[in-house]
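Single-structure report; data block below.
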Amino acid sequence: QVQLVEFGGGLAQAGGSLRLSCAASARILSAYSMDWSRQAPGKQRELVASISSTGITNYADSVKSRFSISQDKAKSRVYLQMNNLRPEDTALYYCRLIVPGEGVYWGQGIQVTVSS
């Protein structure tokens with residue numbers, strides 16, 4: 001069982017930056033993907049960015065050119081650098097780890113609030 005812990009959220013002004021981190025409790029040696037999704041009140045959860053164990057990344061159109069996902073395999077961490085934040089980025093952000101054939105793991109979620 002892998003546990004994920006997110007940190008780094010909080011309050012930012014529009015145009016500002018925040019960096020989210022997600023720490024896994026174990027090092028994953030097999031193929032995997034990790035991603036960040038978000039859910040704003042009254043809205044469906046949205047996949048924001050993903051990264052595979054080989055480093056392939058994907059982004060939602062709403063965050064392309066503003067957000068960047070990266071990973072540090074040695075530390076079992078994935079990061080989401082969020083720049084040029086907008087009020088519509090306000091949401092609860094979740095980290096997820098998918099290990100094919102093993103399981104899907106979620107973090108507890110972390111709040112990001114962007115003021116205008």
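The values are calculated or read from the model by the stated rules, or taken from the named source; none is laboratory data. Source: prediction; values computed, not measured. When we count neighbours, we look across all protein chains shown, and the Cβ atoms used for this are built from the backbone with ideal geometry, even at glycine. Surface areas here come from the heavy atoms of the whole protein model, side chains and all, with no ligands, DNA or RNA. Shrake-Rupley method; radii C 1.70, N 1.55, O 1.52, S 1.80 Å.
Considering segment 86-108, and only residues there that are assigned to a loop (DSSP other than H, G, I, E, B) and out of contact with any Asp or Glu (no Cβ under 9 Å at 6 or more places or on another chain), the residue that is surrounded by the most Cβ atoms within 10 Å (Cβ to Cβ) turns out to be 90.
If you take the residues of segment 1-22 that are open to solvent by less than 20 Å² (accessible area, probe 1.4 Å) and of a type in the set (A, V, I, L, M, F, W, C), which of them is modelled with the lowest pLDDT? In this case the residue turns out to be 2. Of all residues in segment 23-48 being over 12 Å from residue 94 (Cβ atoms) and either of a type in the set (D, E, K, R) or part of a strand (DSSP E or B) (or both), which is most open to solvent (accessible area, probe 1.4 Å)? Looking at the filtered set, the residue picked out is 27. The conditions of being hydroxyl-bearing (Ser, Thr, Tyr), touching a Phe, Trp or Tyr at 6+ places or on another chain (Cβ under 7 Å), within 22 Å of residue 23 (Cβ to Cβ) and surrounded by 13 or more Cβ atoms within 10 Å (Cβ to Cβ) are not met by residue 76. Which residues, counting only those in segment 58-73, are open to solvent by 80 Å² or more (accessible area, probe 1.4 Å) and not in a loop (DSSP other than H, G, I, E, B)? 58, 73 - these are the residues of segment 58-73 that are open to solvent by 80 Å² or more (accessible area, probe 1.4 Å) and not in a loop (DSSP other than H, G, I, E, B).
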